[in-house]
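Taking it in order: structure first as structure tokens, then the write-up.
The values are calculated or read from the model by the stated rules, or taken from the named source; none is laboratory data. This structure is a prediction, so every number in the text was calculated from the model and none was measured. Counting neighbours? That spans all protein chains shown, and the Cβs are built from the backbone with ideal geometry, glycine included.
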Amino acid sequence: MIAMLQQQFPTLSLRRLCQLLGVSRSWYYAYPTPETLAKRDLDLRDAIERVTLDFPGYGYRRVTHALQREGWTVNHKRVLRVMRQESLLCQLKRRFLVTTDSAHGLPTYPNLLAQASLSAPNQAWVADITYVRLPTSFVYLACVLDAYSRRCVGWKLARQIDSQLTLAALEMALTQRHLQRPG
């Protein structure tokens, strides 16, 4: 602002311009120029890029701490803004874990419900087994769904996958829907 006024009014001294704007001359000299600010931002971007290349899994918080350890006086909000502008935010790739082998030589069964039109509950049930990852291990979940309402009518959670798991889910479904066991 003062530099612009100096160009418009070259006869006014710097002291007078500072008085008119209500700022001290020390503020004018201490305030960085746009070129200085641009160089500082460029240096910061380079430092952030260096940290993210060395540690690709670091987010803006860890990058901020790494920069502060290197001697930078920087705020986490500024680091986040620069990382967003430069597309430097970490994007971890999650490994896809294949749990089903569909390329086997065993016979497969056709989907008998694909063409069926259901008009009421309890006409057809579908079941599936999946695993749930816990911090230290896995547990298995067997679930029986009503194909018409898509409501879970029976389920069981267990540490091992066996016939007891599936039978317990089926037993729960039969008691929930008040049905008699076949046979």
Considering the range 16-30 alone, what residues qualify as being modelled with pLDDT of 80 or more, loosely packed, with under 10 Cβ neighbours inside 10 Å and assigned to a helix (DSSP H, G or I)? Ser26
Among (1) touching a Ser or Thr at 6+ places or on another chain (Cβ under 7 Å); (2) within 30 Å of Ala47 (Cβ to Cβ); (3) in a loop (DSSP other than H, G, I, E, B), there is one condition Val63 misses while meeting the rest; what is its number? (3)
Residue by residue through the range 99-144, note down the ones that are of a type in the set (S, T, N, Q), within 35 Å of the chain's Cα centre (by Cα) and not assigned by TED's automatic domain parsing to the domain that holds Met172. Thr99, Thr100, Ser102
If you check Leu157 against the conditions, is it under 36 Å from the mean Cα position of the chain (by Cα) and at negative phi? yes
